[in-house]
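Working notes, beginning with the structure itself.
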Amino acid sequence: MRDYVEIGIGREARKTYSLNDLTVLPTRRTRSSKDVDTSWNIDAYSFQIPIISHPTDALGSPEFVIEMDRQGGMGVLNAEGILARHEDFDAAVGQVIAACQDEFGGFDFASPRAIAKLQELHAAPLNEELLAQRIAQVRESGATVAVRISPQRARDLAPVVIKAGAELLFIQGTMISAEHVAQSGEPLDLKEFIGSLDVPVIVGGVSDYNTAMHLMRTGAVGIIVGSGTNTNGQALGIEPAMATAIADVAAARRDYLDETGGRYVHIIADGEIYSSGNMVTAIACGADAVILGSPLAGAQEAPGQGLYWPSTAAHPRFPRGLVEPAIGPVSEDDATRPSLEKILHGPSTDAMGTQNFVGGLRRALAKCGYADLKSFQKVELAFRFGI
């Protein structure tokens, strides 16, 4: 039963839960973490770990995406980012980093100058030939090619990225619906659109049962829950609690599974995931995989050099993201930043779960007695009252 509280005369609000509000309970027999399977499959594509990098220029260079694949996860290119607009990608990202520096040579994080620089860089025209080159670079490495486009530009860009070699298509915004309506132009009917494509499509973000059910009926193979790390709460008053959102979308998946006689749609959590413990709780609530942003940005291989910003930070009129330090032990010195391998697989030197994400996941499953990710979605959860 849903829990509602009265917030005033004639007005109620549903009580919801964030990932930090919950804990998993080890109520079954334990097993060795070496016997735990963390692999994940979506459509015809298999990955050793259920971790996807957020499609932002702070993470989305072809080199970083290739390294993500080498480490067993999925990297995603942002088709509308700096990498598709500027030939010298590293120099362009360097301008964002320089815009964070204050007059004394230190860093002024969350600086409006950095947002203004992002907007300036994204104002350059999108170069489809350059975008195709970036995609080809990933494809030639043998890595799975996943590319993100926005709902607003899906019609124009989907054929471009698919022709260039995209194997998985993300149609991703901070909030999305099955039919995007605009005053100018024809509405984007995702069911019709996805049906016309030759590649599997992942769509999001969503936070409620009804929208998730509608999107599952479009033929998408995956649904993104949440909208990553951004300032939607401050700027729009929209910031759904992730544990409840994942559970609600998982309920929609169960009903859709019955409705279709067995078609399974994957749930990908994108938000409130700052540590391996958050990732564990997200999967326990019903997610099949998670999207990591800031925790990966501290890696040596990350183009943001220890800084992170979401793709929404570059919106030309209403940015909803900050340029800020990556989560975890981060150094301004490239040589002392942890490698992506260390962040994902360890060994860790941080006790707060910001390194060795996969090791944390393995140990959680093992201590609760589960052998794989799907079965772990049945683990008992408890609310940590008062946190």
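The values are calculated or read from the model by the stated rules, or taken from the named source; none is laboratory data. Keep in mind that what you see is a predicted model, and the values were worked out from it rather than measured. Cβ coordinates were reconstructed from backbone atoms using ideal geometry, including for glycine residues, and neighbour counts include every protein chain displayed. Ligands, DNA and RNA are stripped out before the accessible areas are found, and what is left, the full protein with its side chains, is counted by its heavy atoms. Shrake-Rupley method; radii C 1.70, N 1.55, O 1.52, S 1.80 Å.
A few comments on the model shown:
- Scanning region 253-285 for residues that are assigned to a helix (DSSP H, G or I) and either among the basic types (Lys, Arg) or crowded, with 22+ Cβ neighbours inside 10 Å (or both) yields ARG253, ARG254, SER276, ASN278, MET279, VAL280, THR281, ALA282, ILE283, ALA284, CYS285.
- The set of residues from region 287-333 being in a loop (DSSP other than H, G, I, E, B) and charged (D, E, K, R) comprises ASP288, GLU301, ARG317, ARG320, GLU332, ASP333.
- Among residues of region 254-278, those that are of a type outside the set (Phe, Trp, Tyr) and either within 26 Å of SER311 (Cβ to Cβ) or under 16 Å from the mean Cα position of the chain (by Cα) (or both), counted: 13
- Checking GLY185 against (1) open to solvent by 40 Å² or more (accessible area, probe 1.4 Å); (2) modelled with pLDDT of 95 or more; (3) under 18 Å from GLU80 (Cβ atoms), the condition it does not meet: (2)
- Residue list for region 45-75, filter: among the polar types (S, T, N, Q) and part of a loop (DSSP other than H, G, I, E, B): GLN48, THR56, SER61, GLN71
- When residues in region 29-44 are screened for being open to solvent by 50 Å² or more (accessible area, probe 1.4 Å) and aromatic (Phe, Trp, Tyr), 0 of them pass.
- Scanning region 355-369 for residues that are in a loop (DSSP other than H, G, I, E, B) and either at pLDDT 95 or above or hydrophobic (A, V, I, L, M, F, W, C) (or both) yields a total of 2.
- Set GLY60, GLY72: member being closer than 17 Å to GLY304 by Cβ and either touching a residue at least 12 places away in the same chain (Cβ under 8 Å) or open to solvent by less than 50 Å² (accessible area, probe 1.4 Å) (or both): GLY60
- So ILE162, is it hydrophobic (A, V, I, L, M, F, W, C) and in contact with a His (Cβ under 8 Å, 6 or more places away or on another chain): no
- Selection count, region 14-28, where residues are in a helix (DSSP H, G or I) and crowded, with 18+ Cβ neighbours inside 10 Å: 2
- All positions within region 76-98 that are in a helix (DSSP H, G or I) and charged (D, E, K, R): ASP90
- Selected residue (criterion: farthest from the chain's Cα centre (by Cα)) from residues of region 151-174 that are surrounded by fewer than 24 Cβ atoms within 10 Å (Cβ to Cβ) and more than 18 Å from SER196 (Cβ to Cβ): GLY165
- Considering residues of region 231-252 that are open to solvent by 30 Å² or more (accessible area, probe 1.4 Å) and modelled with pLDDT under 95 only, the residue nearest to ALA314 (Cα to Cα): ALA235
- Matching option when the condition is open to solvent by less than 30 Å² (accessible area, probe 1.4 Å) and within 19 Å of the chain's Cα centre (by Cα), among LEU83, LEU131, LEU118: LEU83
- Answer residue from region 304-320, given it is more than 22 Å from VAL206 (Cα to Cα) and surrounded by 24 or more Cβ atoms within 10 Å (Cβ to Cβ) and is nearest to the chain's Cα centre (by Cα) among those: TYR308
- The lone criterion from (1) surrounded by fewer than 16 Cβ atoms within 10 Å (Cβ to Cβ); (2) assigned to a helix (DSSP H, G or I) left unmet by PRO125 is number (2).
- Enumeration of residues in region 133-163 that are among the aliphatic types (A, V, I, L, M), in contact with a helix residue (DSSP H, G or I) (Cβ under 6 Å, 6 or more places away or on another chain), more than 12 Å from ASN78 (Cα to Cα) and part of a helix (DSSP H, G or I): VAL138, VAL160
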